[in-house]
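The values are calculated or read from the model by the stated rules, or taken from the named source; none is laboratory data. Everything quoted here is computed from the prediction, not taken from an experiment. Every residue, glycine among them, receives a Cβ derived from its backbone with ideal geometry; neighbour counts consider all protein chains shown.
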Amino acid sequence: DQQVKQNSPSLSVQEGRISILNCDYTNSMFDYFLWYKKYPAEGPTFLISISSIKDKNEDGRFTVFLNKSAKHLSLHIVPSQPGDSAVYFCAASASGANNLFFGTGTRLTVIP
Amino acid sequence: EPEVTQTPSHQVTQMGQEVILRCVPISNHLYFYWYRQILGQKVEFLVSFYNNEISEKSEIFDDQFSVERPDGSNFTLKIRSTKLEDSAMYFCASIEQGTLNSPLHFGNGTRLTVT
(Lines give C-alpha, C1' and ligand atoms only; values in the text may rest on other atoms or scores of the structure.)
Protein backbone atom coordinates (compact mmCIF):
# COMPACT_ATOMS: atom_id res chain seq x y z
CA ASP A 1 0.00 0.00 0.00
CA GLN A 2 2.04 2.89 -1.30
CA GLN A 3 0.24 6.08 -0.41
CA VAL A 4 3.12 8.29 -1.43
CA LYS A 5 4.91 7.58 -4.68
CA GLN A 6 8.06 8.89 -6.21
CA ASN A 7 8.21 7.31 -9.62
CA SER A 8 11.67 8.51 -10.58
CA PRO A 9 14.36 6.67 -8.65
CA SER A 10 17.07 8.96 -9.98
CA LEU A 11 17.63 12.31 -11.66
CA SER A 12 20.77 13.93 -13.05
CA VAL A 13 21.00 17.65 -13.62
CA GLN A 14 23.76 20.01 -14.67
CA GLU A 15 24.96 22.50 -12.10
CA GLY A 16 23.08 25.78 -12.41
CA ARG A 17 20.03 24.19 -14.00
CA ILE A 18 16.68 23.50 -12.40
CA SER A 19 16.01 20.19 -10.65
CA ILE A 20 12.39 19.07 -10.52
CA LEU A 21 11.49 16.19 -8.26
CA ASN A 22 7.98 14.81 -8.38
CA CYS A 23 5.73 13.07 -5.91
CA ASP A 24 2.20 11.68 -6.13
CA TYR A 25 -0.10 10.64 -3.33
CA THR A 26 -3.31 8.69 -3.16
CA ASN A 27 -4.78 9.53 0.24
CA SER A 28 -7.07 12.56 -0.03
CA MET A 29 -6.85 12.99 3.76
CA PHE A 30 -3.23 14.11 3.52
CA ASP A 31 -2.99 17.82 4.20
CA TYR A 32 0.64 18.40 5.07
CA PHE A 33 3.54 17.56 2.82
CA LEU A 34 7.25 17.66 3.37
CA TRP A 35 10.46 17.10 1.52
CA TYR A 36 13.42 15.58 3.27
CA LYS A 37 16.96 15.31 2.00
CA LYS A 38 19.17 12.40 2.93
CA TYR A 39 22.92 12.01 2.59
CA PRO A 40 24.56 8.59 2.98
CA ALA A 41 25.05 7.51 6.60
CA GLU A 42 22.82 10.31 7.85
CA GLY A 43 19.19 10.56 8.81
CA PRO A 44 16.63 12.44 6.71
CA THR A 45 16.93 16.21 7.09
CA PHE A 46 13.89 18.41 6.74
CA LEU A 47 14.03 20.65 3.70
CA ILE A 48 10.68 22.33 3.07
CA SER A 49 7.00 21.74 3.71
CA ILE A 50 3.62 22.86 2.46
CA SER A 51 0.16 22.81 3.92
CA SER A 52 -2.81 21.91 1.76
CA ILE A 53 -4.20 25.41 2.12
CA LYS A 54 -1.36 26.61 -0.09
CA ASP A 55 -0.25 25.69 -3.57
CA LYS A 56 3.28 27.03 -3.34
CA ASN A 57 5.92 27.53 -0.71
CA GLU A 58 9.32 28.98 -1.37
CA ASP A 59 12.50 28.98 0.68
CA GLY A 60 15.55 30.29 -1.05
CA ARG A 61 16.48 28.01 -3.93
CA PHE A 62 13.77 25.52 -2.98
CA THR A 63 10.12 25.76 -3.99
CA VAL A 64 7.43 23.19 -3.40
CA PHE A 65 4.30 23.19 -5.52
CA LEU A 66 1.12 21.39 -4.56
CA ASN A 67 -1.64 20.43 -6.98
CA LYS A 68 -4.39 19.01 -4.80
CA SER A 69 -6.71 18.08 -7.64
CA ALA A 70 -3.99 15.98 -9.22
CA LYS A 71 -2.67 14.79 -5.85
CA HIS A 72 0.75 15.80 -6.99
CA LEU A 73 3.56 17.84 -5.53
CA SER A 74 6.93 18.79 -6.83
CA LEU A 75 10.14 20.22 -5.51
CA HIS A 76 12.05 22.70 -7.62
CA ILE A 77 15.67 23.48 -6.90
CA VAL A 78 17.13 26.39 -8.81
CA PRO A 79 19.94 26.84 -9.41
CA SER A 80 21.06 23.30 -8.62
CA GLN A 81 24.40 22.92 -6.89
CA PRO A 82 26.67 19.86 -6.52
CA GLY A 83 26.01 19.90 -2.77
CA ASP A 84 22.35 19.23 -3.52
CA SER A 85 23.28 15.71 -4.61
CA ALA A 86 21.38 13.46 -2.22
CA VAL A 87 18.29 11.30 -1.97
CA TYR A 88 15.11 13.34 -1.68
CA PHE A 89 12.08 11.91 0.08
CA CYS A 90 8.57 13.19 -0.22
CA ALA A 91 6.41 12.66 2.88
CA ALA A 92 2.81 13.32 3.80
CA SER A 93 0.56 13.30 6.81
CA ALA A 94 -3.07 13.87 7.68
CA SER A 95 -4.41 16.21 10.37
CA GLY A 96 -4.48 14.54 13.73
CA ALA A 97 -2.40 11.68 12.49
CA ASN A 98 0.71 10.75 14.27
CA ASN A 99 2.92 9.47 11.50
CA LEU A 100 4.43 10.38 8.19
CA PHE A 101 4.15 8.36 5.01
CA PHE A 102 7.27 8.47 2.91
CA GLY A 103 7.91 7.89 -0.75
CA THR A 104 10.74 5.66 -1.91
CA GLY A 105 13.01 8.59 -2.69
CA THR A 106 14.68 10.10 -5.74
CA ARG A 107 18.45 10.20 -5.97
CA LEU A 108 19.49 13.58 -7.35
CA THR A 109 22.92 13.98 -8.87
CA VAL A 110 24.03 17.48 -9.75
CA ILE A 111 26.87 17.35 -12.23
CA PRO A 112 29.48 20.10 -11.90
CA GLU B 1 21.32 23.16 16.70
CA PRO B 2 20.02 20.36 18.94
CA GLU B 3 20.20 16.89 17.42
CA VAL B 4 18.65 13.49 17.84
CA THR B 5 21.46 11.08 18.59
CA GLN B 6 21.40 7.33 18.04
CA THR B 7 23.69 4.57 19.20
CA PRO B 8 25.21 2.38 18.01
CA SER B 9 25.68 3.47 14.42
CA HIS B 10 25.96 -0.15 13.33
CA GLN B 11 24.80 -3.28 15.12
CA VAL B 12 25.45 -6.81 13.93
CA THR B 13 23.56 -9.61 15.60
CA GLN B 14 22.69 -13.22 15.02
CA MET B 15 19.19 -14.31 14.18
CA GLY B 16 17.16 -14.97 17.30
CA GLN B 17 19.15 -12.58 19.47
CA GLU B 18 17.71 -9.57 21.23
CA VAL B 19 18.88 -6.10 20.26
CA ILE B 20 18.29 -2.70 21.82
CA LEU B 21 18.67 0.41 19.72
CA ARG B 22 19.13 3.62 21.64
CA CYS B 23 18.11 7.17 20.95
CA VAL B 24 18.40 10.47 22.75
CA PRO B 25 15.70 12.78 21.39
CA ILE B 26 15.98 16.55 21.45
CA SER B 27 15.56 17.59 25.05
CA ASN B 28 12.38 19.69 24.86
CA HIS B 29 10.60 17.35 22.46
CA LEU B 30 7.66 15.35 23.72
CA TYR B 31 6.83 12.96 20.89
CA PHE B 32 9.15 10.22 19.77
CA TYR B 33 9.16 7.93 16.79
CA TRP B 34 10.93 4.98 15.28
CA TYR B 35 11.11 4.51 11.54
CA ARG B 36 13.02 2.00 9.52
CA GLN B 37 14.33 1.76 5.98
CA ILE B 38 15.12 -1.58 4.44
CA LEU B 39 17.85 -1.19 1.87
CA GLY B 40 16.48 0.29 -1.34
CA GLN B 41 12.99 0.71 0.05
CA LYS B 42 10.98 3.55 1.53
CA VAL B 43 11.23 4.88 5.05
CA GLU B 44 8.49 3.14 7.05
CA PHE B 45 6.76 4.21 10.24
CA LEU B 46 7.07 1.79 13.13
CA VAL B 47 5.77 3.46 16.26
CA SER B 48 5.09 6.77 17.97
CA PHE B 49 5.39 7.39 21.69
CA TYR B 50 4.06 10.10 23.94
CA ASN B 51 3.64 10.49 27.67
CA ASN B 52 5.26 7.14 28.34
CA GLU B 53 3.02 5.13 26.14
CA ILE B 54 2.64 4.10 22.54
CA SER B 55 0.28 6.43 20.71
CA GLU B 56 0.31 4.69 17.36
CA LYS B 57 2.02 1.72 15.76
CA SER B 58 2.16 0.16 12.34
CA GLU B 59 1.59 -3.42 11.25
CA ILE B 60 5.35 -3.90 11.23
CA PHE B 61 5.51 -3.24 14.97
CA ASP B 62 4.48 -6.69 16.16
CA ASP B 63 5.02 -8.43 19.47
CA GLN B 64 8.72 -8.78 18.79
CA PHE B 65 9.12 -5.02 19.09
CA SER B 66 8.88 -2.83 22.16
CA VAL B 67 9.78 0.72 23.04
CA GLU B 68 10.68 2.28 26.31
CA ARG B 69 11.72 5.58 27.79
CA PRO B 70 13.69 4.27 30.76
CA ASP B 71 14.75 7.68 32.00
CA GLY B 72 14.27 11.31 31.11
CA SER B 73 16.52 11.27 28.08
CA ASN B 74 16.75 7.87 26.39
CA PHE B 75 14.23 6.27 24.06
CA THR B 76 14.88 2.67 23.12
CA LEU B 77 13.63 0.17 20.56
CA LYS B 78 13.97 -3.48 21.49
CA ILE B 79 13.64 -6.38 19.11
CA ARG B 80 13.28 -9.55 21.16
CA SER B 81 14.21 -12.22 18.67
CA THR B 82 15.69 -10.77 15.52
CA LYS B 83 14.94 -12.15 12.10
CA LEU B 84 16.90 -11.76 8.89
CA GLU B 85 14.22 -9.42 7.54
CA ASP B 86 14.76 -7.04 10.47
CA SER B 87 18.00 -5.96 8.80
CA ALA B 88 17.48 -2.27 8.03
CA MET B 89 18.39 1.26 9.00
CA TYR B 90 16.42 2.28 12.06
CA PHE B 91 15.78 5.97 12.53
CA CYS B 92 14.66 7.65 15.69
CA ALA B 93 12.83 10.95 15.39
CA SER B 94 11.30 13.49 17.71
CA ILE B 95 9.01 16.47 17.54
CA GLU B 96 8.12 19.16 20.02
CA GLN B 97 4.39 19.15 19.50
CA GLY B 98 1.94 16.39 18.77
CA THR B 99 0.71 17.46 15.41
CA LEU B 100 2.81 16.83 12.40
CA ASN B 101 2.43 20.35 11.02
CA SER B 102 6.03 20.80 11.93
CA PRO B 103 8.85 18.61 10.77
CA LEU B 104 10.24 15.54 12.47
CA HIS B 105 13.88 15.70 13.46
CA PHE B 106 15.68 12.46 12.64
CA GLY B 107 18.80 10.92 14.05
CA ASN B 108 21.49 9.48 11.81
CA GLY B 109 20.17 5.98 12.26
CA THR B 110 21.40 2.60 13.41
CA ARG B 111 22.21 0.07 10.74
CA LEU B 112 21.05 -3.30 12.02
CA THR B 113 22.46 -6.35 10.30
CA VAL B 114 20.98 -9.71 11.26
CA THR B 115 23.03 -12.71 10.18
Revision key, fill the gap. Checked region B:21-34 for anything crowded, with 16+ Cβ neighbours inside 10 Å and either of a type in the set (A, V, I, L, M, F, W, C) or at the interface with chain A (Cβ under 8 Å from one of its Cβ atoms) (or both); matches are B:Leu21, B:Cys23, B:Val24, B:Ile26, B:Tyr31, B:Phe32, B:Tyr33, B:Trp34
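Within region B:94-115, can you find the residues that are under 17 Å from B:Ser48 (Cα atoms) and either modelled with pLDDT of 95 or more or in a loop (DSSP other than H, G, I, E, B) (or both)?
Listed by number, the residues that qualify are B:Glu96, B:Gln97, B:Gly98, B:Thr99, B:Leu100, B:Asn101, B:Ser102, B:Pro103, B:Leu104, B:Gly107, B:Gly109.
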Review point. List pairs: first in region B:49-63 and farther than 17 Å from B:Leu104 by Cβ and within 12 Å of chain A (Cβ to nearest Cβ), second among the acidic types (Asp, Glu) and part of a strand (DSSP E or B), Cβ under 6 Å, 6+ apart or cross-chain?
Key: none
Practice item. Considering only region B:1-20, state which residues are crowded, with 18+ Cβ neighbours inside 10 Å and either free of Cβ contacts under 8 Å to residues at least 12 places away in the same chain or within 16 Å of B:Gln97 (Cα to Cα) (or both). Key: B:Val4
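Can you find even one residue in region B:77-88 that is more than 18 Å from A:Thr45 (Cβ to Cβ), more than 10 Å from the chain's Cα centre (by Cα), among the basic types (Lys, Arg) and surrounded by 16 or more Cβ atoms within 10 Å (Cβ to Cβ)?
No: zero hits.
For region A:12-27, indicate whether the set of residues that are more than 9 Å from chain B (Cβ to nearest Cβ), among the basic types (Lys, Arg) and closer than 26 Å to B:Cys23 by Cα is non-empty.
So far as region A:12-27 goes, no, none of its residues is more than 9 Å from chain B (Cβ to nearest Cβ), among the basic types (Lys, Arg) and closer than 26 Å to B:Cys23 by Cα.
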Review point. Looking only at residues in region A:90-112 that are buried (at least 17 other Cβ atoms within 10 Å of the Cβ) and modelled with pLDDT of 95 or more, which one is nearest to A:Glu15 (Cα to Cα)?
Key: A:Val110
Review point. Which of (1) within 11 Å of the chain's Cα centre (by Cα); (2) within 14 Å of chain B (Cβ to nearest Cβ) does A:Asp59 not meet, given it meets every other one?
Key: (1)
